[in-house]
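Have a look at the structure below before the remarks.
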Amino acid sequence: MDPVILIAADTNADVLRSEFERYQRDYDVQVVREATELLAQTHRMVRTGAQVALVVLETSLFGADDVEQALSTMQHVRQIVPTARLLAVSPFDRFLIDNEQLRTGQLQGALDALLLVPRGARDEEFHVAVTELLSDWGSTVADPEVEAVRIVAWPDEQLTLALRDLLVRMGMPHRVHEPDSPVGREVIAAYDGPPALPLVDVLSRGVVAVSSVRELAAAFYGRPDEVDQDTVFDLCVVGAGPSGLAAAVYGASEGLQTVVLEAEAVGGQAGTSSMIRNYLGFPRGISGMRLAQRARLQATRFGARFITGWEVTGLTVAPGREPHCVHTDGGDVRARSVVIATGAAYRKLGIPALEELTGRGVHYGSAMTAAREMEGLDVVVVGGGNSAGQAALHLARFARSVTIAVRRTGLHETMSRYLIDELDSNPRVELRPCCEVVDGGGSGRLEWIGLRDTNTGEVTPRPCAGLFLLLGADPRCNWLPPEVCLDERGFVLTGRDVPTDRWVDELPPESLATSAAGIFAVGDVRAGSMKRVAAASGEGSSVVPLVHAHLDTNSD
Ligand SMILES: Cc1cc2nc3c(=O)[nH]c(=O)nc-3n(C[C@H](O)[C@H](O)[C@H](O)COP(=O)(O)OP(=O)(O)OC[C@H]3O[C@@H](n4cnc5c(N)ncnc54)[C@H](O)[C@@H]3O)c2cc1C
């Protein structure tokens with residue numbers, strides 16, 4: 001059954017029907033003419049197991065002024081099918097009014113986009129927006145039709161989930177097949193090594209056995225020791241979050257021979273964000289993962305080389321014109337300049353019983369892949385920051401209930417107003433203030449947690465299938481040598497913040513330069529940084545002229 005695009009329109013029903021004809025090859029496009037019919041049809045679709053990808057609602061269906069009714073219909077649709085993307089379309093003569101009046105609803109998540117009804121043929125801007133919504137739906141909800149990678153493994157195992165997480169973050173369409181399924185048997189037969197699971201059928205590279213995420217990453221990007229021994233890069237970027245990706249795009253585009261070393265998948269913290277709404281130039285928001293995938297592609301097109309799955313374990317700072325040496329367990333990489341872009345890592349809960357269930361119901365970060373598995377279940381998000389708010393909203397698309405647990409009395413001190421409003425208006429989300437998670441367990445998977453009331457000290461066990469921990473983050477600097485000065489919290493000092501005894505000729509280093517010549521720091525890892533995607537990518541691009549200047553002064 002093709003996924004459904006459901007259009008509810010009146011005046012412009014024929015226009016919209018004809019505009020959506022181009023999607024008919026892949027989607028079942030249906031048009032209804034009344035709001036009640038829309039709700040009935042949505043119910044029917046869900047009952048019959050059809051996947052509703054997109055609901056399009058013409059605002060004039062409700063008469064000139066009835067924005068409230070349009071919003072409540074949208075909210076109703078969202079309750080019936082929370083995973084569908086919702087698009088409101090306005091006729092030309094009321095777009096400005098709708099835009100004004102629906103803005104609050106849009107901020108509260110009642111709809112995903114508001115567009116003008118196309119007024120002529122080939123309104124590609126309209127279709128770009130529709131395609132973005134469908135593509136976002138496809139990458140977070142639908143089972144991929146294209147299988148670039150086939151994993152043969154038992155679906156519930158921790159390693160399987162970790163492999164899937166990597167592939168999702170790489171934007172690689174894949175599917176898991178059980179070993180005794182027809183595809184499973186076919187892949188096992190094609191593997192010519194000793195019996196092993198998981199097996200991964202990687203694009204044209206054949207079937208490989210993988211025992212870690214790193215081995216899967218290596219199958220795509222190679223290992224550090226595959227770099228030619230004599231190669232000295234102009235620029236080695238450590239970390240591929242937004243700051244490292246920006247440094248890679250700008251560095252490579254300006255002719256620097258650039259390598260990026262990344263411990264996990266590209267995207268960093270931003271890569272775990274379901275929807276970044278405040279990044280310049282994306283009025284409908286963009287998922288952090290997709291932003292990162294695009295940036296990686298962009299950097300690769302300019303010639304940057306990515307090696308992922310290898311944590312950098314050390315750095316040997318070389319004097320004068322000698323290249324610095326960046327160490328990993330899979331070999332060293334030499335470069336004349338190094339950009340530290342290792343960002344920050346999630347704080348741990350530190351409760352052994354729950355740490356043991358990491359990946360099996362307990363997740364750090366919004367865990368995009370795991371969110372889909374929470375369908376119909378009760379989940380708890382711990383944390384009061386924007387990342388926790390975004391995670392809760394994303395999870396509410398799948399889970400039956402989402403409880404946000406915070407120690408404080410509310411969210412207003414720690415979360416943006418627009419997210420608080422969106423959470424308030426989502427019936428599946430509940431806030432539980434003044435409490436903390438102190439215990440939990442389950443047989444093989446998380447089944448319950450213990451919540452302590454911070455006022456009374458009373459601990460209450462409650463059923464919980466998914467615990468999503470967004471507890472803030474600490475800088476990832478344990479690999480840095482003493483030549484690179486850190487502040488008391490472990491963030492890298494740059495520019496005027498570098499201790500004066502490390503200044504040269506009584507002059508501070510350049511703004512993004514550290515205390516070691518040729519070593520720079522950008523993004524969240526840098527002391528005093530803003531901890532936002534735009535700031536991180538801004539610093540990643542701003543560092544490149546400084547790298548150029550360093551290379552020019554230190555060239556033979
Ligand atoms: C869930 C969530 C939602 C967010 N939403 C928003 C938002 O809506 N808007 C906004 O502006 N900001 C948002 N942020 C904040 C934003 O994501 C960060 O400010 C931004 O990602 C920082 O980028 P960065 O490149 O400095 O570091 P990071 O994103 O932390 O990336 C660092 C990278 O370095 C890698 N790394 C670390 N150590 C090593 C090592 N030793 N060797 C190799 N690689 C290493 C990590 O694996 C990681 O990929 C959000 C953050 C989270 C967690």
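Could you tell me which residue of region 305-330 is nearest to the ligand (Cβ to nearest atom), considering only residues that are of a type in the set (Val, Ile, Thr) and surrounded by fewer than 17 Cβ atoms within 10 Å (Cβ to Cβ)? In this case the residue turns out to be Thr313. Taking region 141-258 as the region of interest, the strands (runs of 3 or more DSSP E) fully inside it that hold 3 or more residues being more than 16 Å from the ligand (Cβ to nearest atom), more than 30 Å from Pro82 (Cβ to Cβ) and open to solvent by less than 50 Å² (accessible area, probe 1.4 Å) are 199-202, 206-209.
Given region 440-488, what strands (runs of 3 or more DSSP E) lie entirely inside it while holding 3 or more residues that are out of contact with any Phe, Trp or Tyr (no Cβ under 7 Å at 6 or more places or on another chain)?
448-453, 466-469
Within region 265-304, being open to solvent by less than 70 Å² (accessible area, probe 1.4 Å), away from the ligand (no atom under 11 Å from the Cβ) and within 13 Å of the chain's Cα centre (by Cα) holds for Arg290, Gln293.
Table: residues versus (1) modelled with pLDDT of 95 or more; (2) more than 27 Å from the chain's Cα centre (by Cα); (3) of a type in the set (Gly, Ala, Ser); (4) within 16 Å of the ligand (Cβ to nearest atom).
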{"site": "Cys464", "(1), (2), (3), (4)": "yes, no, no, no"}
{"site": "Arg496", "(1), (2), (3), (4)": "yes, yes, no, no"}
{"site": "Asp501", "(1), (2), (3), (4)": "yes, yes, no, no"}
{"site": "Val504", "(1), (2), (3), (4)": "no, yes, no, no"}
{"site": "Gly518", "(1), (2), (3), (4)": "yes, yes, yes, no"}
{"site": "Arg532", "(1), (2), (3), (4)": "no, no, no, yes"}
{"site": "Ser541", "(1), (2), (3), (4)": "yes, no, yes, yes"}
{"site": "Leu551", "(1), (2), (3), (4)": "yes, yes, no, no"}
{"site": "Asn554", "(1), (2), (3), (4)": "no, yes, no, no"}
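Flag: Gly385 does not match the condition of being more than 16 Å from the ligand (Cβ to nearest atom), within 22 Å of the chain's Cα centre (by Cα) and open to solvent by less than 40 Å² (accessible area, probe 1.4 Å). Where residues in region 331-361 are open to solvent by less than 10 Å² (accessible area, probe 1.4 Å) and closer than 29 Å to Ser529 by Cβ, which of them is nearest to the ligand (Cβ to nearest atom)? Once the filter is applied, the top-ranked residue is Ala341. Annotation note: of Gly384, Gly389, the sole residue that is in contact with a strand residue (DSSP E or B) (Cβ under 9 Å, 6 or more places away or on another chain), assigned to a helix (DSSP H, G or I) and either farther than 28 Å from Gln106 by Cβ or in contact (Cβ under 8 Å) with a residue 24 or more places away in the chain (or both) is Gly389. Residues that are within 30 Å of Met415 (Cα to Cα) and open to solvent by 30 Å² or more (accessible area, probe 1.4 Å) within region 474-511 comprise Asp474, Arg476, Asn478, Leu486, Asp487, Glu488, Arg489, Asp497, Ser511, listed in sequence order.
The values are calculated or read from the model by the stated rules, or taken from the named source; none is laboratory data. None of these values were measured; they are calculated from a predicted model. As a convention, Cβ positions derive from the backbone with ideal geometry for all residues, glycine included, and neighbour counts pool all protein chains shown. Note: areas computed on protein heavy atoms with side chains; ligands, DNA, RNA excluded. Shrake-Rupley method; radii C 1.70, N 1.55, O 1.52, S 1.80 Å.
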